[in-house]
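Asks: Pasting a structure below so you can have a look.
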Amino acid sequence: MKKILRFFTMIIILFLLVARHAPAETYGRPGYHDGSLTHAGMARTYRLYIPTIYVVQKPKSVPLVIVLHGGGGNAKNAARVTGFSQKANTEGFIVAYPDGTSWIGRNIFLTWNSGNCCGYALENNIDDVGFIKALIEKLEKELPIDPKRIYVTGISNGAMMSYRLACELSDKIAAIGPVAGALNVKDCNPAYPVSVVIFHGKFDDHVRYNGGKSLKMADNHDRTDTPVSYAVSFWTKNDQCSATPEREEKGRLVKELYTGGLSGTEVLLYTIMDGGHAWPGGKKLGYIGADEPIYGVSATDLIWEFFKNHPKP
């Protein structure tokens with residue numbers, strides 16, 4: 001009798017241990033799920049996209065792509081502009097679209113505190129790095145997120161925020177994909193190498209390719225952006241990549257790849273010769289004066305291709 005009791009006791013203990021460490025099954029259907037968490041005394045919101053392939057196959061681990069909206073946008077806008085949810089359906093990764101903050105308190109005019117930009121988030125020194133870290137940790141508890149395959153991309157203010165996250169959360173983030181943003185973080189000291197793929201249009205007057213003052217300032221804070229060359233130089237040195245890139249010109253696109261970095265990291269720059277302040281191959285940003293995206297080039301496809309080839313070691 002004692003042996004039987006001991007056996008069942010062991011079974012119960014094992015069950016509890018497994019249940020404790022297994023991710024919660026809170027996403028039983030594919031599609032969008034709206035969520036929230038409290039960080040630094042604020043209710044923060046996000047939109048999650050679960051692809052059908054995840055629900056059907058139930059993989060043991062899955063990549064996470066975090067997509068950051070531009071200044072004045074929101075999670076829904078980021079999904080619409082980038083089309084990352086459609087890409088997730090074919091590739092099987094999970095997408096998180098977090099919301100920034102706004103003085104209005106609703107999901108409009110949202111911004112990120114990316115260093116020297118933008119709006120409410122900058123003025124109030126909102127801890128967006130802490131929010132994204134808390135979001136990652138929450139999703140890791142709820143879903144079988146692969147800790148070696150966590151990626152961040154974004155446009156404009158969201159791209160600037162992706163740079164800041166790479167600076168401060170390099171222990172969690174494998175690669176970033178900033179589009180039409182500048183590396184404006186004063187003290188960027190990543191603890192680990194991070195792979196970087198950059199998209200920037202030569203005719204971007206909002207965040208200029210060669211840096212300097214914006215010609216179409218949407219934010220009321222005076223700022224000077226660093227040039228794209230600064231971001232490339234910083235990350236190639238940080239990752240210890242080759243000094244000379246492999247260069248390829250294809251129509252309106254110039255590709256420069258810096259290889260041989262620490263832990264297999266690489267830095268890749270796509271210059272869109274006739275591109276403005278937009279997501280290549282995506283939808284137009286939803287504000288007055290936004291540039292038209294170019295077509296024939298899909299930033300979403302190329303970013304995901306780069307991400308899936310650059311996990312953490």
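Asks: Which of the residues spanning the stretch 102-134 are aliphatic (A, V, I, L, M), touching a helix residue (DSSP H, G or I) at 6+ places or on another chain (Cβ under 9 Å) and in a helix (DSSP H, G or I)?
Replies: First, pick out the residues of the stretch 102-134 that are aliphatic (A, V, I, L, M): 104, 108, 110, 121-122, 126, 129, 132, 134.
Retained after the next criterion (residues that are touching a helix residue (DSSP H, G or I) at 6+ places or on another chain (Cβ under 9 Å)): 104, 110, 121, 126, 129, 132.
Passing the criteria: 121, 129, 132.
Asks: Okay, next question. Mind checking which residues of the stretch 238-260 are touching a residue at least 40 places away in the same chain (Cβ under 8 Å) and in contact with a helix residue (DSSP H, G or I) (Cβ under 8 Å, 6 or more places away or on another chain)?
Replies: Kept after step one, since they are touching a residue at least 40 places away in the same chain (Cβ under 8 Å), are these residues of the stretch 238-260: 238-240, 251-253.
The answer is 239, 240.
Asks: While we're here: Is the stretch 282-293 home to any residue that is of a type in the set (Ser, Thr, Tyr) and surrounded by 14 or more Cβ atoms within 10 Å (Cβ to Cβ)? Walk me through how you get there before you give the answer.
Replies: Within the stretch 282-293, the first condition is being of a type in the set (Ser, Thr, Tyr), and the residues that meet it are 287.
Among the residues that remain, those that are also surrounded by 14 or more Cβ atoms within 10 Å (Cβ to Cβ) are: none.
Scanning the stretch 282-293, I find no residue that is of a type in the set (Ser, Thr, Tyr) and surrounded by 14 or more Cβ atoms within 10 Å (Cβ to Cβ), so the answer is no.
Asks: While we're here: When the residues of the stretch 190-219 are narrowed to those that are of a type in the set (Gly, Ala, Ser) and part of a loop (DSSP other than H, G, I, E, B), which ends up nearest to the chain's Cα centre (by Cα)?
Replies: Here the answer is 191.
Asks: Let me ask another. Determine whether residue 119 is within 27 Å of residue 190 (Cα to Cα) and over 15 Å from the mean Cα position of the chain (by Cα).
Replies: Numbers: within 27 Å of residue 190 (Cα to Cα): yes; over 15 Å from the mean Cα position of the chain (by Cα): yes.
So residue 119 passes the test.
Asks: Give 158, 154, 70 a once-over and let me know the one that is touching a helix residue (DSSP H, G or I) at 6+ places or on another chain (Cβ under 8 Å), assigned to a helix (DSSP H, G or I) and either closer than 25 Å to residue 190 by Cβ or of a type in the set (S, T, N, Q) (or both).
Replies: Criteria check complete, one pass: 158.
Asks: So, one more: Can you say whether residue 26 is β-branched (Val, Ile, Thr), at pLDDT 95 or above and closer than 24 Å to residue 87 by Cβ, as far as the supplied structure shows?
Replies: So residue 26 does not fit the description; no.
Asks: Taking the stretch 247-263, which residues are under 20 Å from residue 202 (Cβ atoms) and either surrounded by 12 or more Cβ atoms within 10 Å (Cβ to Cβ) or within 22 Å of the chain's Cα centre (by Cα) (or both)? Walk me through it before giving the result.
Replies: Of the stretch 247-263, the ones under 20 Å from residue 202 (Cβ atoms) are 247-258.
Across the stretch 247-263, the qualifying residues are 252, 253, 254, 255, 256, 257, 258.
Asks: So is residue 222 part of a helix (DSSP H, G or I) and surrounded by fewer than 18 Cβ atoms within 10 Å (Cβ to Cβ) or not? Explain how you work it out, then say what you get.
Replies: Values: part of a helix (DSSP H, G or I): no; surrounded by fewer than 18 Cβ atoms within 10 Å (Cβ to Cβ): yes.
No, not satisfied.
The values are calculated or read from the model by the stated rules, or taken from the named source; none is laboratory data. Since we're looking at a predicted model, the values are computed, not measured. Virtual Cβ from ideal backbone geometry, glycine too; neighbours counted across all protein chains shown.
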